[in-house]
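Enquirer: Sharing a structure with you now.
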Amino acid sequence: MTDHTASVPAQTEGMEQGPPQVLGVSDSAPPQVLGVSDSAPPQVVGVSRCDSAPLLWRDQDLRAVRGRGLVGALLGALPRTPRQNGRLGRPLLLLPEEERLLAELHATANANQGGGGVQLSLQVKQHLEEQERSLEEQRVLALQDRKSALLHAMTSSHTGSLGPSEALRGRLEALHRSFTFPRGAMAVQLSTARAGLHHCHEDRAFLRAQQPITAQHDSKAAARYQVFRDLRGRGFYLTSAGKFGGDFLVYPGDPLRFHAHFIAVVLSLDSSLSPLDVLAIARLGSNVKKTVLLCSPGGVQYPGGAGGVQYTSLQWSGMV
């Protein structure tokens with residue numbers, strides 16, 4: 001199958017009416033996946049997992065994947081400005097395609113520490129026993145506080161009197177018999193150490209979902225990865241395009257310096273697309289000043305697995 005490069009500029013202002021125009025595509029040399037042919041061995045990054053989400057915590061890992069042109073999405077709050085979401089910090093959430101590309105380059109390692117199976121069960125048992133001991137200790141302290149408050153209230157209102165001592169003793173005994181401390185009132189100590197490869201691995205083991213299977217074997221995931229790999233090999237940067245109704249946002253350079261030029265939509269060669277859907281996505285691309293890129297994997301593969309994707313660009317055209 002012929003490989004094509006979409007080199008259509010982004011939509012400009014002034015094109016308001018008219019149907020979308022299917023622009024021509026041209027052949028190009030086969031792309032090379034960045035990092036595959038490097039002589040130096042790739043830097044291995046540690047991927048942690050929370051449920052099935054691949055996360056990066058270490059600064060050097062974030063710099064390493066950014067050096068490979070992988071962007072991801074920051075999720076964490078900054079310690080000094082937690083009540084905002086304009087500027088976020090670690091961890092970095094990887095796209096499934098980004099994680100698969102790193103695994104293909106042998107550049108990932110499992111960062112979850114602590115054993116599984118029997119060892120994890122023992123850790124859970126120890127954790128529950130510690131919680132029970134903490135609950136009992138807090139119950140005793142809460143009872144002492146309640147008795148101190150009762151003693152202070154009764155002695156301050158009956159100073160110098162001998163009669164209330166018997167009543168006070170009875171109230172204290174009744175409080176001791178009837179006092180309850182619910183589990184929901186228990187204070188739980190949370191670790192404030194920075195999470196990472198070498199911090200709090202005992203506690204983080206409880207958040208791990210027993211090494212969930214994250215591999216996606218459906219045809220849609222395979223097609224998305226083939227398109228992601230091909231575009232990344234051409235030097236483009238990609239992020240998720242869920243809010244734009246596509247699969248990927250395609251940037252000509254680092255997203256910190258450039259706006260996205262394309263909205264990539266992955267379609268198989270034999271899939272049908274109704275005219276209404278074509279109009280809707282082309283109009284959306286026009287409104288956000290981006291060109292819609294229909295990406296169809298399949299066909300002839302170049303040596304090394306590159307290429308094999310056809311690109312068709314849609315751009316809203318003015319009336320002639």
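Enquirer: How big is the accessible area of residue 58 in square angstrom, nearest 10, if you roll a 1.4 angstrom probe over the protein chains?
Expert: 60
Enquirer: Which peptide among 244-250, 149-155 comes first, and what is the full order, when sorted by highest mean count of other Cβ atoms within 10 Å?
Expert: 244-250, 149-155
Enquirer: Provide 81, 239, 291 ordered by accessible surface of protein heavy atoms (probe 1.4 Å), highest first.
Expert: Values: 81 65, 239 20, 291 0 Å².
Order by accessible area, largest first: 81, 239, 291.
Enquirer: Taking a probe of 1.4 angstrom, what is the accessible area of residue 139 in Å², to the nearest 10?
Expert: Its heavy atoms expose roughly 70 Å² to the probe.
Enquirer: How much of residue 173 can a 1.4 Å solvent probe reach, expressed as accessible area in Å² and rounded to 10?
Expert: 100
Enquirer: Could you give the distance between the Cα centres of the range 219-240 and the range 50-96, to the whole Å?
Expert: 20
Enquirer: Kirkwood Rh over alpha-carbon pairs of the range 247-291, then Stokes-Einstein at 10 °C and 1.306 mPa s: what D in µm² s⁻¹, rounded to an integer? Could you put the intermediate results ahead of the total?
Expert: On the way: Rh = 11.8 Å.
Diffusion coefficient, whole number: 135 µm²/s.
Enquirer: If you don't mind, another one. At 0.36 nm per residue, and after removing the present C-alpha to C-alpha distance, how many nm does the segment from residue 268 to residue 130 gain when stretched out fully? Could you put the intermediate results ahead of the total?
Expert: Working: separation 138, 0.36 × 138 = 49.68 nm, distance 5.48 nm.
Extending this stretch completely gives an extra 44.2 nm.
Enquirer: OK, next. Between residue 78 and residue 180, take the C-beta separation as r, use R0 = 41 Å, and let me know the FRET efficiency to the nearest 0.05. Mind dumping the intermediate values first?
Expert: Details: r = 41 Å, r/R0 = 1.01.
That pair, residue 78 with residue 180, gives E of 0.50.
Enquirer: Heavy atoms only, 1.4 Å probe, whole protein assembly: order 180, 108 by accessible area, highest first. Numbers along the way, then the final one.
Expert: Values: 180 105, 108 50 Å².
Highest to lowest solvent-accessible surface, that is 180, 108.
Enquirer: Excluding same-chain residues fewer than 8 positions from residue 289, which lysines have a Cα within less than 17 Å of its Cα?
Expert: Once the sequence-local lysines are set aside, what remains near residue 289 is 243.
Enquirer: Convert each backbone phi in the range 46-52 into a coupling constant with the Karplus relation 6.51 cos²θ - 1.76 cosθ + 1.60 (shift: θ = phi - 60°), then list the ³J(HN,Hα) values in order as whole Hz, x for Gly and Pro.
Expert: Working through the residues one at a time gives x, 9, 8, 10, 10, 6, 10 Hz.
Enquirer: Something else now. Probe radius 1.4 Å, ligands and nucleic acids left out: which of 59, 270, 254 has the largest accessible area, and how do the rest follow?
Expert: Accessible-area ranking of 59, 270, 254, largest first: 270, 59, 254.
The values are calculated or read from the model by the stated rules, or taken from the named source; none is laboratory data. Predicted model only: the values in this text are computed from it and were never measured. Cβ coordinates were reconstructed from backbone atoms using ideal geometry, including for glycine residues, and neighbour counts include every protein chain displayed. Side chains are part of the model used for accessible areas, which takes the heavy atoms of the whole protein and leaves out ligands, DNA and RNA. Shrake-Rupley method; radii C 1.70, N 1.55, O 1.52, S 1.80 Å.
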